[in-house]
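The values are calculated or read from the model by the stated rules, or taken from the named source; none is laboratory data. Keep in mind the model is a prediction, meaning the values are calculated, not measured. In this analysis, Cβ positions are derived from the backbone assuming ideal geometry, glycine residues included, and neighbour counts consider all displayed protein chains.
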Amino acid sequence: MKGESLGSSIRPLAAYFCLGLSMFIVGSNIGIGKLILQELPVFLFAALRFLIASVVLAAGMFRTSAWRGFNGTTGRGLFLQSFFGCFLFSLFMLYGVKHTSSANAGIITSVLPSLIALLAWIWLREKIGRRSFTAIGLAVSGVALINLYDASALDVGRVLGNALVLGAVLSEALFAVFSRRLSLSVPPWSMAFWVNVFGLVLFLPFAIPQALSFDWGTMGPTLWAWVLLYSLTASVLSFLLWYKGISQVPANVAGLFTGLIPVSAMIIGFSVLGESPTLSQLAGMVLVLLSLVVGTRLRARS
């Protein structure tokens with residue numbers, strides 16, 4: 001019995017580590033993506049990202065175990081994952097951070113835990129009590145405060161950027177729900193590979209015209225290094241870690257770890273991009289973090 005207890009306690013800890021590291025990588029890449037988009041068009045950058053990741057992950061698909069559980073149904077599910085989590089998420093996020101700060105983007109994405117819980121309630125019929133609704137309300141209030149500040153500053157572009165990032169958050173929440181179901185039957189490596197392949201297929205028609213008109217001579221070693229780093233971390237490592245973690249814990253528990261996104265996003269925004277926090281951002285951050293505290297306490301009691 002002691003052996004079983006020890007094993008059951010270690011396994012969730014490993015899953016939590018995978019989920020936490022995955023979301024920390026996602027948040028850090030918000031700022032990196034903003035830097036890359038100063039030099040590369042959005043669709044071309046997205047296609048390069050998924051192409052590099054697909055090539056890297058293709059090596060593991062020669063193993064027979066990589067095809068376990070793959071059929072027409074799981075294939076459609078993986079396509080929907082890619083459509084929401086890669087295509088729409090990347091489109092909304094990359095265009096969004098062009099119009100708003102990475103700090104604002106990080107704060108808005110911290111709504112994810114509450115949004116995933118809400119979708120789980122609607123779609124998966126998971127119960128949501130008074131504390132969960134309180135957490136959702138606090139998160140929405142934090143985002144509203146950020147947008148209210150931007151609107152009062154008459155910065156229409158930034159409000160648009162915030163709205164696009166919010167669309168990315170909804171797409172990522174749908175991706176989380178899909179990934180939980182498929183992770184129980186499809187290996188993490190296979191899921192990561194097919195999601196990247198479908199992402200490449202979705203972006204390719206839009207990327208080809210940009211690739212033909214782009215001056216490739218302007219891409220120096222530094223820019224290539226940033227693109228390679230982003231591809232390996234955002235499309236390979238973070239996917240593998242997320243799929244590994246969510247295969248061992250419920251979606252609503254995994255969703256809590258998306259609260260780490262704004263932490264890493266703000267670190268990059270303030271330390272690398274030189275952005276300064278505003279009072280509105282800090283107030284919105286407090287409300288969103290408070291929503292995470294309320295939601296976490298609820299899950300802990302459950």
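Out of the residues in segment 233-251 meeting the condition of being surrounded by fewer than 21 Cβ atoms within 10 Å (Cβ to Cβ) and of a type outside the set (A, V, I, L, M, F, W, C), tell me which one is modelled with the lowest pLDDT. Applying the filter and picking the extreme gives Pro250. Checked against the criterion of being modelled with pLDDT under 95, closer than 21 Å to Asn104 by Cβ, small (Gly, Ala, Ser) and buried (at least 16 other Cβ atoms within 10 Å of the Cβ), the candidates Ala192, Ala254, Ala265 yield just one match: Ala265. Residues that are closer than 25 Å to Gly77 by Cβ, touching a residue at least 60 places away in the same chain (Cβ under 8 Å) and of a type in the set (A, V, I, L, M, F, W, C) occur at least once in segment 207-230. Segment 66-181 holds helices (runs of 4 or more DSSP H) entirely within its bounds, and those carrying 1 or more residues that are within 21 Å of the chain's Cα centre (by Cα), within 24 Å of Thr278 (Cβ to Cβ) and modelled with pLDDT under 70 map to 102-109, 130-152. Tallying residues that are farther than 11 Å from Leu48 by Cβ and over 22 Å from the mean Cα position of the chain (by Cα) within segment 217-231 yields 5. Would a scan of segment 23-38 turn up a residue that is among the small types (Gly, Ala, Ser), assigned to a helix (DSSP H, G or I) and within 22 Å of Leu202 (Cβ to Cβ)? Looking through segment 23-38, at least one residue is among the small types (Gly, Ala, Ser), assigned to a helix (DSSP H, G or I) and within 22 Å of Leu202 (Cβ to Cβ). The residue that is surrounded by the fewest Cβ atoms within 10 Å (Cβ to Cβ), among those in segment 27-74 that are of a type in the set (S, T, N, Q) and without any contact (Cβ under 8 Å) to a residue 60 or more places away in the chain, is Thr64.
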